[in-house]
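Data block below; observations after.
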2 protein chains.
Amino acid sequence: MTKLEKLLRPESVVIIGASSDEKKVGYAALKNMIDCGFKGRLYAVNPKAERYNYEILGVKCYSRVSDIEDTIDLAVICIPARFIPSTIEELGEKNVPYVAVITAGFKEVGEEGAKLEKELVELVKKYNMRMVGPNILGIIDTIAPINASFAEQTPIRGDIAFISQSGALLTGILDWSRAEGIGFSSFISIGNKADLDATDFIEALGEDEHTKAILAYLESINRGEEFIKICSEVTRTKPVLIIKSGRSKAGAKAASSHTGSMAGADTTYDVAFEKCGVIRADNAEELFDMAFSFSCMPIPKGNRIVIITNAGGPGILATDAAEREGLELAEISPEFEAKLREFLPPASSFKNPIDALGTAQGEDYGRIIELACKEENIDGIVVILTPQAMTEGQETAERIVEMHEKYPEKPIIAVFIGGESLGPAIYYLKKHKIPTFTLPERGVGAMSAMARYAKIKNRPEDEPIPEIEVDKQRVEEIFKKVRAEGRKTLYGTEAKEVVKAYGITTPAAKLAKTSDEAKHIAKEVGFPVVMKITGEGIMHKSDIGGVKVGIKNEEEVEKAFTEIMENVKKHYPNAESLIEVQYMAPLGRELITGILQDPQFGPLVMIGLGGIYTNFLKDAAFGLAPLSYKEAENVLRKTKSYTLLKGVRGEKPSDIKAIVDTMVKISLLARDFKNDIKEMDVNPFFAYEEGKGISAVDVKIVLN
Amino acid sequence: MTKLEKLLRPESVVIIGASSDEKKVGYAALKNMIDCGFKGRLYAVNPKAERYNYEILGVKCYSRVSDIEDTIDLAVICIPARFIPSTIEELGEKNVPYVAVITAGFKEVGEEGAKLEKELVELVKKYNMRMVGPNILGIIDTIAPINASFAEQTPIRGDIAFISQSGALLTGILDWSRAEGIGFSSFISIGNKADLDATDFIEALGEDEHTKAILAYLESINRGEEFIKICSEVTRTKPVLIIKSGRSKAGAKAASSHTGSMAGADTTYDVAFEKCGVIRADNAEELFDMAFSFSCMPIPKGNRIVIITNAGGPGILATDAAEREGLELAEISPEFEAKLREFLPPASSFKNPIDALGTAQGEDYGRIIELACKEENIDGIVVILTPQAMTEGQETAERIVEMHEKYPEKPIIAVFIGGESLGPAIYYLKKHKIPTFTLPERGVGAMSAMARYAKIKNRPEDEPIPEIEVDKQRVEEIFKKVRAEGRKTLYGTEAKEVVKAYGITTPAAKLAKTSDEAKHIAKEVGFPVVMKITGEGIMHKSDIGGVKVGIKNEEEVEKAFTEIMENVKKHYPNAESLIEVQYMAPLGRELITGILQDPQFGPLVMIGLGGIYTNFLKDAAFGLAPLSYKEAENVLRKTKSYTLLKGVRGEKPSDIKAIVDTMVKISLLARDFKNDIKEMDVNPFFAYEEGKGISAVDVKIVLN
């Protein structure tokens, strides 16, 4: 670990606001630092140092930071909020690199607090310091070790790091983990994350040799692009598992009222996590089941597992779970089967799940596991045991541990269904770092997460974003003109020009002021044409008779022009309106694409089924801009419509290449103008037969 | 309990095959009967009774059953399979009403075993006895109490009944439940269920005052209709929770190889469970979380909950889970809020979740819970506690128990996030029958299951199946004719006549042998017409040029006739073919309906989106025939297409009443001819605008 080394594993620490009053946070933090076995230099600061005889709990105490002659790596602050700014200045003057502000009463309590918090951030920046918090439980690291927190306990030493936006959740997990025997390397409360946030810690822990898996409980992510960049790198070497809460609408409401932070829309988080290889846990139980397995077992090579059991029922439950979770049951090779038949009763099941029957002894389990470890087409092993009359729980547990030691490259998960009589065996397994569960589904779930991560870890390098020649300047001009006219919404003709500048096919269209102009344009763009009213503030164009389609000749153009103008006057007597005359593109498969803006992660590109089905089938998928060709295709594949586009019922396939190309171009537009485009819709967007391209029939762009 | 009373709570029991050899099942069963505290008369039978001095483990032992002078309620059989038939005869002669056959080696081991099992069933029938098993762990009932099993332990007394098709799973759950402190009333292994099956036990336990919830692990259900009938009744008084394994394809394979039973298709189980109010658990953990809550807490009145917490993070996790699970967060009334403000710090959150902050004491929890218990718009309470510096775990637990005793009608679920320090408080809660979980999601899941059951319990009476006048005789005639001609597939014209006989609108159509006949028919049915080749074995009619649409006059009929015949001859030179001439119904919203047969549950009616979208969107829903109007409408509502049918984008709604009516009629046809119709498709089936009905354009029926 190079980043934040002196924060998480400091050589000298000062507790500012240290106290001998057991009820005070300053007492707990100092006591924890002592009790955890911190090996560095520890100091206390309290303005009433004299009253304590310059010593609290045996630690040297100073009236003020500046009195300490030593250099300080980390200052832990537990004094009332209002005194903190001046303390930060003192620390800054002393060149202290890191501060952890435990004190609450900042952004989370309202405007006053937010102001004070802003002040802290400015001071910290001024002195080139980095700050954790404010409003945190503290920082715990079992490697250093340090426990600069007011937690009641210190975690067991282990190799999972846990970053949490909720301090109370940390205390709960800590208490639970000690009972379960799960250990942690770092235990970090980020609180209001006014300066250092989860991304900083993920980056630092990504480089930490003592940390095998990084877990986080987050309510929001601020620096979206940075988060994606860091996680993309870290997930290539170790798993990053996150619960992002506020998933539900109601939850999001609670999240924002809680830490005053704006939670992003949920889709964006799913898209972002997928992009950078973060595994999203649905709940805390899943998070820790995964973490426990990752910390104990190697990553499997693939998703083919074998289930070994002494009873049919649990084997079926595990099989069901495996299929649900995307794991594959490995084929049992004839050679493997032959070797099993040498010692298992003939009534055993030699398919997968391997059912060794209720008579299976520890020795039998050991032999089956050993054979499975040697099979090349088996990536992971799930061992299920039910306590039957002849079952040897402890003996079986010992064989599992032995086999894991002998074949450490093959992940093994144990499912021991029981409690009272199997308790000691379960304890033995956990103690020997075999992930052990009581019920098949959770064991299989943990194995599945490992297999998913194997795929993430070994994913190919990101394809570069294509450099396509675009006319950026033209788009700038159009936007400038629109803004100059005091508009936010582009005319359809302008919006079409924008996509055209990015190389997207769109039917020719122009605006006409008079019937003669309209006729002229119609001849230019080619019959048949669509004529559409255009004007600031005109809504529901079709409903008011402002749109005419399938106009075949000049005569019809004239008639349509008059009719549209009359229709529109009825509803908008004062509107200054023009009529858009557009070549009527032939019908194709109706799709929709567009751009959404996410406050955290920037622009997203959407693709989905268009037309009447859009709203009720909601068949759409999203990708973060910019997209490579491969990414765009992967997004498209996520829609159900993809099957349809590939051609069904003997129909010719649609031009998928052109659709993907369009998505990439839209994503470049989104990237290049992310500060301009508020939202964009291409709806409908016709996809034609393979090789025949697409047509962006109707384009809508709204600027910021 | 009136049914199976003497089986589950017998007054006299004999263990046949009792033994003093500790390794034998006959020893374990006898020992368990003694150890569990059975209060009735207990006997042992062993052919070598003399050698044992007519006594085993202090229980009187006989050489043969007939020697026992007492009447026997239950005979538990542990002797080798081949000796069982003669023993059953002896028991039959003695009028023993119930036998439990623990011995394995029947259907599950192959053909020989299946034959022996069949023999047992016949003997049992002959003597009017009822049998559990063979191949079971045994029967345990903590109310009687009896433990006629070879399990290593006896469950804690409680009020959950558990029926399992897997004996080993029972032993695992038993071991686990003792460690968790969860109690059971009955613990029943049904094994090969050659005679008594899960349905019999659900019926009996449904009437048992000692059982508050019925759980089952099932791999298959045999008497589908009976199962539905019984469960429909039982679920009106107590919850029935089932894990049906073999849910996945691979799982189903394992299930059938395991107990030799055919697992039904999974959709059918979902449909069937919903029909009769059974709650399906996805996994064992969920099953027991639910069961624990049902056994401890009253059923909530609705789905509005309040979450009370001392930390924001876990509150948000619970909120997310609540939304996912369909629970509603109750609005906190101004009066409620005012009362909370009297004692909670102002920085608390007075919205739902109520966050009483980390300083909340046990007393505070007690007051909030009491206020929540009194709120009419709160149906259930989830209490979350994280162990912070000032947290009073034990005190809070005691207040929860106290409030539950004071307000027993309001369900409370506790979520105590912790382990080591909170352990004693968690133990206290569980001991006092407060369902307690470590993580918010599981607690909320259990509450949600209770709310779901509240809805099931209070559901309105089933609407009667409508009596519609149908021409059943006409359908019988058609089927008879088809069979007489050696066909299984009906001609399109015949299939249309069938649906017409059941009052379903279908376009007029007739078969023509000659061009003249075709012209005549066309005039009769009305132009435009569709002409379609018809003949046994002719496939891909459209592809070979066997279908012509939009034929407007006699001239076109003649031309089409010649062309179709020529096209078809190229592919089927020897086919005897006719041409169906059908009125071409105007286009409507394209739907699909039809009939599927399920081996366990009988015919199902399907409804879904038709046309090109059918296969790739898979927007279909199923109902078990026959359907009432209400049931049919509920099935239709499950499709996404329902939104479309109600009218989108300003389109007129489709004739939903006519669609529902058609579904009901199809379901009556399915019921009336369940032994004849193998499969049926109405595809497409056009739905017109409201009030304009439907048209079954293409009907396909295949007979058994």
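Just so you know, all these numbers are worked out from the coordinates, no wet-lab data involved. Since the structure is predicted, the reported quantities are computational estimates derived from the model, not experimental observations. No Cβ is skipped: glycine too gets one built from the backbone with ideal geometry, and neighbour counts run over all protein chains shown.
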Counting only residues 5 or more apart in sequence or on a different chain, those whose built amide H sits under 5 Å from that of B:L215 are B:A161, B:F162, B:I163, B:L241
Amide H contacts under 5 Å for A:G138, restricted to residues at least 5 apart in sequence or on another chain and with H modeled in the peptide plane, are A:S189
For A:I156 and B:K513, extending 7 Å from Cα along the Cα-Cβ vector and measuring point to point gives, in nm, a value of 8.8
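Compute, for the stretch B:510-606, the length of the dipole vector about the Cα centre, with Cβ point charges of +1 (Lys, Arg) and -1 (Asp, Glu) only. Units Debye, rounded to 20. Numbers along the way, then the final one.
Values: 12 positive and 15 negative charges, 26 e Å.
That gives the stretch B:510-606 a dipole magnitude of about 120 debye.
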Once the dipole of the stretch B:290-345 is set up from charges on Cβ (+1 Lys and Arg, -1 Asp and Glu), the residue from the list B:N310, B:M290, B:A322 lying farthest towards its positive end is B:M290
One finds the C-alpha centres of the stretch B:68-95 and the stretch A:192-214 to be spaced, in Å, by 70
With the label point 7 Å along the Cα-to-beta-carbon line of A:E554 and a cut-off under 19 Å to each amide N, the hits in the stretch A:486-526 are A:510-526
CD proxy, 222 nm, the protein assembly as shown: helix-only mean residue ellipticity via -39,500 (n - 2.57) per DSSP H run with n ≥ 4, per residue, nearest 500, stands at -12000 deg cm²/dmol
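Determine the percent antiparallel among the DSSP beta bridges restricted to the protein assembly as shown, to the nearest 5.
Values: 104 of 207 bridges.
If I count the DSSP bridges inside the protein assembly as shown, around 50 percent turn out antiparallel.
Over all directions, average the projected area of the Cα convex hull of the protein assembly as shown and note it in nm².
Working: hull surface 249.1 nm².
One quarter of the hull surface, i.e. the mean projection, equals 62.3 nm².
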The simple spin-label model distance between B:E225 and B:A179, using points 7 Å out along Cα→Cβ, in nm, is 4.6
Charge dipole of chain B built from unit charges on the beta carbon (Lys, Arg +1; Asp, Glu -1), centred at mean Cα; most positive-end Cα among B:P80, B:G610, B:S149 is B:G610
Applied in sequence order to the stretch B:161-170, the curve 6.51 cos²θ - 1.76 cosθ + 1.60 (Karplus, θ = phi - 60°) yields integer Hz couplings, x standing for Gly and Pro, of 9, 10, 10, 9, 7, 10, x, 5, 4, 4
Helix B:492-501: inclination vs chain B longest Cα principal axis, degrees, rounded to 10, gives 60
Diffing the stretch B:105-115: the Karplus 3J(HN,Hα) column from phi (6.51, -1.76, 1.60, θ = phi - 60°), in whole Hz with x for Gly and Pro, holds x, 10, 3, 5, 9, x, 5, 4, x, 4, 5
Distance in Å, no decimals, from the C-alpha centre of the stretch A:428-464 to the one of the stretch A:639-667 is 34
In degrees rounded to 10, the 0-90 angle between helix B:393-406 Cα long axis and the longest Cα principal axis of chain B is 70
Of the residues B:A281, A:N683, A:M584, the Cα lying farthest along the dipole of the protein assembly as shown towards its positive end, which is defined by charges on the beta carbon of Lys, Arg, Asp and Glu, belongs to A:M584
Unpartnered Cys in chain B, judged by a 4.7 Å Cβ-Cβ cut-off, are B:C36, B:C61, B:C78, B:C296, B:C373
Quick P(r) readout (the stretch A:300-457; Cα-Cα; 10 Å bins; whole %) gives 12, 46, 37, 5, 0
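Percent antiparallel among DSSP beta bridges with both residues in chain A, to the nearest 5?
50
Pop the C-beta distance of A:K23 and A:E111 into the FRET formula with R0 = 30 Å and round what comes out to the nearest 0.05. Could you put the intermediate results ahead of the total?
Values: r = 30 Å, r/R0 = 0.98.
Plugging the Cβ-Cβ distance into 1/(1 + (r/R0)^6) gives 0.50.
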Output row for B:P298: copy-to-copy label distances, label 7 Å along Cα→C-beta, ascending, in nanometres, one decimal, is 5.8
Expressed in nanometres to one decimal, the distance between label points 7 Å along Cα→Cβ at B:R82 and A:K94 is 9.0
If amide H atoms are modeled at 1.01 Å from N in the peptide plane, then the residues at a separation of 5 or more from B:E679, or on another chain, having amide H under 5 Å from its own are B:V702
Charge tally for neighbours of A:V101 with beta carbon under 10 Å away, counting Lys, Arg as +1 and Asp, Glu as -1, is -2
In order over the stretch A:122-136: 3J(HN,Hα) from phi, Karplus 6.51/-1.76/1.60, θ = phi - 60°, whole Hz, x for each Gly or Pro, gives 5, 5, 4, 4, 4, 9, 6, 9, 10, 10, 9, x, x, 6, 10
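For every other residue with a beta carbon closer than 15 angstrom to the beta carbon of B:A179, add +1 if it is Lys or Arg and -1 if Asp or Glu, then tell me the sum. List each step's numbers first, then the result.
On the way: positive: A:K430, B:R178, B:K430, B:K431; negative: A:E180, A:E420, B:E152, B:D175, B:E180, B:E285.
Residues close to B:A179 contribute a combined charge of -2.
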In degrees, nearest 10, the alpha-carbon axis of helix A:266-276 is tilted away from the dominant principal axis of the alpha carbons of chain A by 70
Quick calc, the stretch B:62-143, dipole around Cα centre from Cβ unit charges on Lys, Arg (+) and Asp, Glu (-), nearest 20 debye, gives 220
If each part is reduced to its alpha-carbon centroid, the stretch A:525-566 and the stretch A:481-505 end up apart, in Å, by 20
Counting all Cα-Cα pairs in chain B, those more than 33 Å apart amount in percent to 61
Residue separation between B:E363 and B:S232 times 0.36 nm, minus their alpha-carbon distance, gives in nm 42.8 nm
